[in-house]
Amino acid sequence: MAVRTRKLPAPEVLPAASHPMHKYLREDRLPHIWCSGCGLGTALSCFTHALDELGLGPKDVAVVSGIGCTGRVAGYVNLDSYHTTHGRAIPFATGLTIAQPEKKVIVFSGDGDLFAIGGNHFIHAARRNIDITVICVNNFNYGMTGGQFGPTTPIGARGTTAPYGNYENPFNLPYLAASSGAVYVARWTTVHVRRLKDAMVEAIEKPGFTFVELVSPCPTNYGRRNGLGDGLEETRYYAQRSVICHGADPKEADLIPGEDIIVGKFLERDRLTFLQMYEKQIVEKNKLRHF
Amino acid sequence: MGERKLMRGNEVIAEAAIRAGCECYFAYPITPQAELLEHMARNMPRLGRTFVQAESEIGAINMLYGAAAAGVRAMTSSSSPGISLKQEGISYIAGSNLPAVIVNIMRGGPGLGDIAPAQGDYFQATKGGGHGDYRMIVLGPSTVPEAGELTILAFDLADKYRVPVMILADGMLGQMMEPVELPDPVDPATLPKKDWALTGAKGRDPNIILSFDLDPEVLKQMNLVLQEKYRKIEDNEARYEEYQTDDADIVIAAYGTVARIAKTVVRRARAEGIKLGLFRPITLWPFPYEPLRELASRVKTVLTVEMSAGQMWEDVRLAVAERAETPFYGEMGGVVTTPKKILSEVRKYAR
């Protein structure tokens, strides 16, 4: 059979374009340091779209990050942002929101930062119902330090400090958040960009301690050691195996390799926030007067 | 002796600890010492020993506290910000008279700093980073093989005096590879028994390990016991190296990575006719005050060089006590100095 060839037109050279959400980004700090295939670009992009939808600008928002790959988010947003001590993003955000309750304070950090070294702070902020939104990018390992296992690494998965496979039980983050007192708990993956953006909008709008887990690929450190392919392959896997189940019992939402990934809005409830309780239990009950 | 192998500083410290009979190791990932955890994760399970990746540095130091109380050889490691988190635990370990080994692969500070080599933790290590009147033996290796030797010495000194011992190295030494030959492993079962350890009180009076007494008079006595031990360590354990100091007019005082760079400077300076020598403390606490004082009375200048704003410099000035001039040259923030830069400093003081 004769092969017909056709000369392709020269590709059109587009003028250097800005990111559609450039108003929220510190373009002088780009390109970012994240690896090809990493989910953090998606996370940041969804976040800027959520802020845009909420009409929140630099005067309304502060972003707080801990240490690690996700910790770099604070450095790329063109908002007041804080790159805090490892694991202490939540207490820092607690101080920030109590000092200026009218601002939206968003903690953007990773699974190791929030749930290993920062685990105690997470449960206490949820218990107190501090008015912050915590977005956790869960990539199942410590990416920045080279791929050690962490508090969400599944049993059997490999990391540089789990050369024989992980032997420690991982946290189920939505279950932990729900049982500690969070008023909004959702989980999405990097394939669910619109739903993730919607969840960020809902979580930021809602008063109290709100939590969004984002299941995200780390092809360089986690994917490579665990046969998950590149970022695209892992994202495709999320698309195939995710099951949307709003209102699911977070207890049943363990992330087990090879099994369905339960995503959705697990919980939304109303509790008085820390400052509302403070007002009610201390000031009103004791008839303390504001000076 | 074992075979000669090309190894990274972090791995040498880990392997030396294993060979010294370290049975439990607890740590949390941080750059530039993650390879130490990785070596332990690979090799401890093969020997039936335990590696725990703690949930934080505070978790790790208190796990070390517990294992030390059980009488086994145990270690933790971290880098500058992580070592800051361990200070409370180190103070408790010292106050409780427990042997433990802590490795600090220093990086640039303060705060989050960076991940490049620095020596800004000298004050924290040698002057008591935690609370109370305690001391910790601090060993400053300047080559990869020496990092291995000093790790083994750290376990021996910790057991001998029942004190925490710190290996104070920097990111350069942790990451650098050199040929090393490590000694044959010690069988932990052959180490002297620790009759003070919490091993179960059946058939004997219960042992109590604490760093606490509400009665100031009793606490004072506990402190006096510690101080007596520290004087004994000062008298017996100060270690240092002198290099080409016999006829020197100028001496560089430096430790760790900088001392190694300074050795090159000594050779280059001598090729130019400058009589330069090197004084290298190996124990940073106890600091070798006497030998440096003696040396200072024979030279014109003692130039302290550090990768800090001048921390060991204070000990050098205490030792020299105006017997010679004591200028300082340092780099900060993870900038590693070069022989050329040090040499141009030295030339300022050459006759």
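The values are calculated or read from the model by the stated rules, or taken from the named source; none is laboratory data. Remember, it's a predicted structure, so these values are computed and weren't measured experimentally. Ideal geometry is used to build each Cβ from the backbone, glycine not excepted, and the neighbour counts take in all protein chains shown. In case anyone asks, the SASA skips ligands and DNA or RNA and just uses the protein heavy atoms, side chains included. Shrake-Rupley method; radii C 1.70, N 1.55, O 1.52, S 1.80 Å.
Summary of values
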quantity	calculated
Choice from B:143, B:338, B:50 with maximal GNM fluctuation in chain B (Cα, 10 Å cutoff)	B:338
Where N is the number of residues in the stretch B:240-348, Cα Rg divided by 2.2 N^0.38 Å	0.94
Student exercise, the stretch B:240-348 dipole from Lys, Arg, Asp, Glu Cβ charges, in Debye to nearest 20	460 debye
For the protein assembly as shown, fraction of C-alpha pairs farther apart than 33 Å, in %	55 percent
Interchain or long-range residues, amide H under 5 Å from residue B:100's placed H	B:163, B:165
Helical mean residue ellipticity (222 nm; -39500 (n - 2.57) per DSSP H run of 4+; nearest 500) of chain A	-7500 deg cm²/dmol
Drop in accessible area of at least 40 Å² in the complex versus isolated chain, residues of the stretch A:143-159, 1.4 Å probe	A:145, A:148
If the convex hull is drawn through the Cα atoms of the stretch B:181-236, its volume per residue in Å³	156 Å³
Gyration tensor (Cα) of the stretch A:28-289, equivalent ellipsoid semi-axes in angstrom	30, 20, 17
Between helix A:193-205 and chain A: long-axis angle, C-alpha atoms, 0 to 90°, nearest 10	10 degrees
Karplus-derived 3J(HN,Hα), 6.51/-1.76/1.60, for each residue of the stretch A:41-47, Hz, glycine and proline x	x, 4, 4, 5, 4, 4, 5
Dipole of the stretch A:28-289 [Lys/Arg +1, Asp/Glu -1 at C-beta], most positive-end residue of A:170, A:244, A:258	A:170
Globularity ratio of chain B, using Cα Rg and 2.2 N^0.38 Å	1.00
C-alpha long axis of helix B:34-43 to longest principal axis of chain B, angle in °	40 degrees
Reachable lysines from residue B:202, criterion Cα separation under 20 angstrom, eight or more residues apart if same chain	B:193, B:194
Per residue accessible area in Å² of the stretch B:84-207, where ligands, DNA and RNA are left out and the probe is 1.4 Å	39 Å²
Helix A:231-241 axis, angle to chain A major axis (alpha carbon atoms, nearest 10°)	70 degrees
Label-point separation, residue A:53 to residue A:10 (7 Å along Cα→Cβ), nm	4.2 nm
Fraction of accessible area attributable to carbon and sulfur, chain A (%, probe 1.4 Å)	54 percent
The stretch B:240-348, accessible area per residue, ligands and nucleic acids excluded (1.4 Å, Å²)	39 Å²
Residue B:231/residue A:17 FRET efficiency (R0 51 Å; Cβ-Cβ; nearest 0.05)	0.10
Ordering of B:214-223, A:194-203, B:193-202 by packing [mean C-beta count within 10 Å, highest first]	A:194-203, B:193-202, B:214-223
GNM top mover of B:238, B:74, B:147 - chain B, alpha-carbon springs below 10 Å	B:238
Interface A:B - total buried accessible surface [probe 1.4 Å, Å², rounded to 100]	1400 Å²
Rg in Å to one decimal, and Dmax rounded to a whole Å, for the stretch B:185-304 via C-alpha atoms	22.5, 71
1.4 Å probe, heavy atoms, protein only - residues of the stretch B:98-125 losing at least 20 Å² accessible area vs chain alone	B:112
Global geometry of the stretch B:1-160, whether rounded, prolate or oblate, following the gyration tensor of its Cα atoms and the 1.5 cut on a/c	rounded
Integer Hz, Karplus 6.51/-1.76/1.60 couplings in order for the stretch B:105-117, x for Gly and Pro	9, 5, 10, x, x, x, x, 5, x, 9, 10, 8, x
For the stretch B:136-205, size of Cβ-based charge dipole, Lys and Arg +1, Asp and Glu -1, in debye	560 debye
Residue A:134 long-range amide H proximity, modeled H, under 5 Å	A:107, A:210, A:211, A:212
Of B:87, B:75, B:16, farthest towards positive along the dipole that unit charges on Lys, Arg, Asp, Glu beta carbons give the stretch B:1-123	B:16
Top of A:206, A:59, A:104 by mean-square fluctuation, Gaussian network on chain A, Cα under 10 Å	A:59
Sparse-neighbourhood loop sites, chymotrypsin sites (Phe, Trp or Tyr not before Pro) in the stretch B:211-291 - DSSP loop, at most 12 other Cβ within 10 angstrom	B:212
Cα pair count fraction exceeding 20 Å, expressed as % - the stretch A:157-272	45 percent
Residues whose placed amide H lies under 5 Å from that of residue B:7, excluding near-sequence neighbours	B:178, B:180
Cross-link pairs beyond the 32 Å C-alpha cut-off, checked among B:229/B:340; B:229/B:348; A:104/A:265; B:229/B:341; B:5/B:263	B:229/B:340; B:229/B:348; B:229/B:341
Note, ³J(HN,Hα) from phi for the stretch B:82-99, Karplus 6.51, -1.76, 1.60, rounded to Hz, x at Gly and Pro	x, 5, 4, 5, 7, 4, 4, x, 5, 4, 5, 5, 5, x, 8, 6, 10, x
Charge dipole magnitude, Cβ of K and R +1, D and E -1 - the protein assembly as shown, Cα centre, debye nearest 20	900 debye
Inter-centroid distance (Cα atoms) of the stretch B:255-272 relative to the stretch A:79-102, Å	47 Å
Inter-label distance, nm, simple model (7 Å from Cα along the C-beta direction), residue A:246/residue A:168	3.7 nm
